[in-house]
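What follows is a single structure, written as structure tokens, with notes after it.
The values are calculated or read from the model by the stated rules, or taken from the named source; none is laboratory data. Small disclaimer: the values here were computed from a predicted structure and weren't measured. Glycine gets a Cβ as well: all are built from the backbone with ideal geometry, and neighbour counts include every protein chain shown.
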Amino acid sequence: MKARIGDHVVVASPTAGGTVRDGTIVEVRGADGAPPYAVQWSDSHTSGLFYPGPDAHVTAPEETSSESRLRSWRVEIDLVESGDETTAHAVLVAETSRDLDARGEAHRNPTDVAVPRIGDEVAVARALRRLSDRLFETASSDMTGTLRHPARVSQ
């Protein structure tokens, strides 16, 4: 990785649902733009020495417009198992005013061996597929409202 003073750095969270950090490189200490970098973090307004890992991304200032902003969305999934049935409830939590949700179910044949993990996987996969479909429908509806004529987002 190579960077220059003024470049923007974004670091993804190592855990699901964690915080994404971003900042500006204020000093390059390595030779030829190599790490480490001194970074002014936008969330804390503090500077610190930073050694980027695989979760870091650096962009030049011209690649970051004044209108760009960092957003984080997450999906929360709850599972309920009852007998041979597993239900997954997936909720997309976004910074928009409305959260989307969907359910998925898995039914085990009573003659099959009980492996709860498989029921969880199938129920979650179905919930996520339905959640994806709802998100496409919402985007299409939003486009229709914005454009004032029917629009559909292709999948």
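GLY83 meets the conditions (1) in contact with a His (Cβ under 8 Å, 6 or more places away or on another chain); (2) loosely packed, with under 12 Cβ neighbours inside 10 Å in every case but one. The failed one is (1). Summed over region 100-140, the residues that are free of Cβ contacts under 8 Å to residues at least 24 places away in the same chain, polar (S, T, N, Q) and within 20 Å of TRP73 (Cα to Cα) give a count of 2. The residues in region 86-98 that are over 30 Å from HIS8 (Cα atoms), within 24 Å of the chain's Cα centre (by Cα) and surrounded by 12 or more Cβ atoms within 10 Å (Cβ to Cβ) can be counted, and the count is 5. Is there a residue being out of contact with any helix residue (DSSP H, G or I) (no Cβ under 7 Å at 6 or more places or on another chain) and at pLDDT below 90 anywhere in region 79-91? No, the conditions are met nowhere in region 79-91.
Screening THR138, THR111, THR146 for residues that are exposed (fewer than 15 other Cβ atoms within 10 Å of the Cβ), part of a helix (DSSP H, G or I), at negative phi and not acidic (Asp, Glu) leaves exactly one candidate, THR146. Picking from residues in region 17-72 that are at pLDDT below 85 and aliphatic (A, V, I, L, M), the one that is surrounded by the most Cβ atoms within 10 Å (Cβ to Cβ) is VAL20.
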